[in-house]
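Just below is one structure, and these are the notes that go with it.
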């Protein structure tokens, strides 16, 4: 159990973040700055030890403001755990020219947690701390329909690998690699229903494993044993990956036909 910690959690009002929040409030003495675009609307009466902050994390100015707010609510004390969990996907065929659409996703999914890393090291000033980041299983294996989302997460995966080599002695870095979760996460940027990639887990299971991973000081948390096993199998027998990608691409083709039938 995580107890007596000052914690910042982004993406806190839904999905994995909300399930993590529910676990953190069970700890004794935890104070949590819960951040999302709708935090003050959705979490204002959640728990006396939860301080909601509504902000879009996709800019350096926003991340700076989060650290400023944390200093206020934690009375200038150290942020013991910063969990950069905010992010979102698009499900689509990437066949368009829209620089801003791509840039916005990278700002939220990649630039924000990378900037948070350096900002948190600056905040710690040599003191010990824990930075947790939600990456994604799609940051380890590309998926049709998620070209841009995969790109943002592959970049984040590469970043966490590189900074581990640099070995900041005072920082525990724990990264989460969830598969698709049974939440509204994949509906955020898509108005039309679509089939999620296989396999799918519930967010409470993912959250429990992530919190346990933070407690145990794990470098990475892969909550889906089936996905971990499948990666090994695909490495040994690459045709398995080809078949899997074909099945997932069939889902994308069905989605495209659905859009065509709706005149989109």
Within segment 161-212, track down each residue that is at pLDDT below 80, outside any loop (DSSP other than H, G, I, E, B) and in contact with a strand residue (DSSP E or B) (Cβ under 9 Å, 6 or more places away or on another chain).
-> 186
Of the residues that sit in segment 213-227 and are closer than 18 Å to residue 245 by Cβ and part of a helix (DSSP H, G or I), which one is modelled with the highest pLDDT?
-> 226
Working only within segment 221-239, note down all residues that are under 24 Å from residue 202 (Cβ atoms) and crowded, with 16+ Cβ neighbours inside 10 Å.
-> 221, 222, 223, 224, 227, 230
Any residue at all in segment 62-76 that is surrounded by fewer than 17 Cβ atoms within 10 Å (Cβ to Cβ), in contact with a strand residue (DSSP E or B) (Cβ under 9 Å, 6 or more places away or on another chain) and in contact (Cβ under 8 Å) with a residue 60 or more places away in the chain?
-> no
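Considering only segment 248-264, state which residues are in a helix (DSSP H, G or I) and either free of Cβ contacts under 8 Å to residues at least 24 places away in the same chain or over 21 Å from residue 95 (Cβ atoms) (or both). Break it down stepwise before answering.
Residues of segment 248-264 in a helix (DSSP H, G or I): 248-261.
Passing the criteria: 250, 253, 257, 260, 261.
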Any chance segment 180-188 includes a residue that's in contact with a helix residue (DSSP H, G or I) (Cβ under 8 Å, 6 or more places away or on another chain), surrounded by fewer than 16 Cβ atoms within 10 Å (Cβ to Cβ) and within 25 Å of residue 253 (Cα to Cα)?
-> yes
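The values are calculated or read from the model by the stated rules, or taken from the named source; none is laboratory data. Bear in mind that the values here come from a model prediction, so they are computed numbers and not experimental data. Backbone-built Cβ (ideal geometry, glycine too); neighbour counts: all protein chains shown.
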